[in-house]
1. Tally time: how many residues in the range 41-64 are farther than 13 Å from T83 by Cβ and small (G, A, S)?
2. From (1) farther than 20 Å from M5 by Cα; (2) at pLDDT 85 or above; (3) not β-branched (V, I, T), pick out the condition that doesn't hold for H79.
3. Can you tell me which residues in the range 38-74 are modelled with pLDDT under 90, over 17 Å from M5 (Cα atoms) and over 13 Å from the mean Cα position of the chain (by Cα)?
4. What are the pairs with Cβ atoms under 9 angstrom where one residue, in the range 1-25, is more than 14 Å from L59 (Cα to Cα) and the other, located anywhere, is among the β-branched types (V, I, T) and assigned to a strand (DSSP E or B)? Sequence gap at least six, or different chains.
Amino acid sequence: MADEMFVLLGWAWDIDTATLLAARHQSQRADIRPLAWARAVIRIDPDHAATVDLARSLLTVPFRGTGAPLLIDGWHRIHRALTTRKGRCVPLGRSP
């Protein structure tokens with residue numbers, strides 16, 4: 001079993017595998033301000049968030065049927081970037 005999984009309703013993604021797949025794609029910068037609202041519904045550990053590496057890419061996957069990307073890894077990095085004002089943009093990786 002994977003070391004880390006992202007689970008949403010009936011779907012689950014293996015973060016380790018998705019990270020390997022995303023490495024095939026070039027990261028791009030993403031404006032994270034529109035995601036600030038989600039911190040109200042996502043459990044964030046402030047102690048962990050204070051230690052995350054903001055240079056590490058967020059990880060998205062295509063969400064079937066919507067065409068929209070779904071963030072499966074990086075909520076603690078988003079929290080840190082928004083609360084420390086060290087940046088509004090962080091690298092964004094995408095897994096096929």
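The values are calculated or read from the model by the stated rules, or taken from the named source; none is laboratory data. Treat the numbers as computed from the prediction; the structure is a model and nothing was measured. Methodologically, a virtual Cβ is constructed for each residue, glycine included, from the backbone with ideal geometry; neighbour enumeration extends over all protein chains shown.
1. Total satisfying the criteria: 2.
2. H79 satisfies all of (1) farther than 20 Å from M5 by Cα; (2) at pLDDT 85 or above; (3) not β-branched (V, I, T) except (1).
3. Across the range 38-74, the qualifying residues are A40, V41, R64, G65, T66, G67, A68.
4. Within 9 Å, the pairs are L8/I72.
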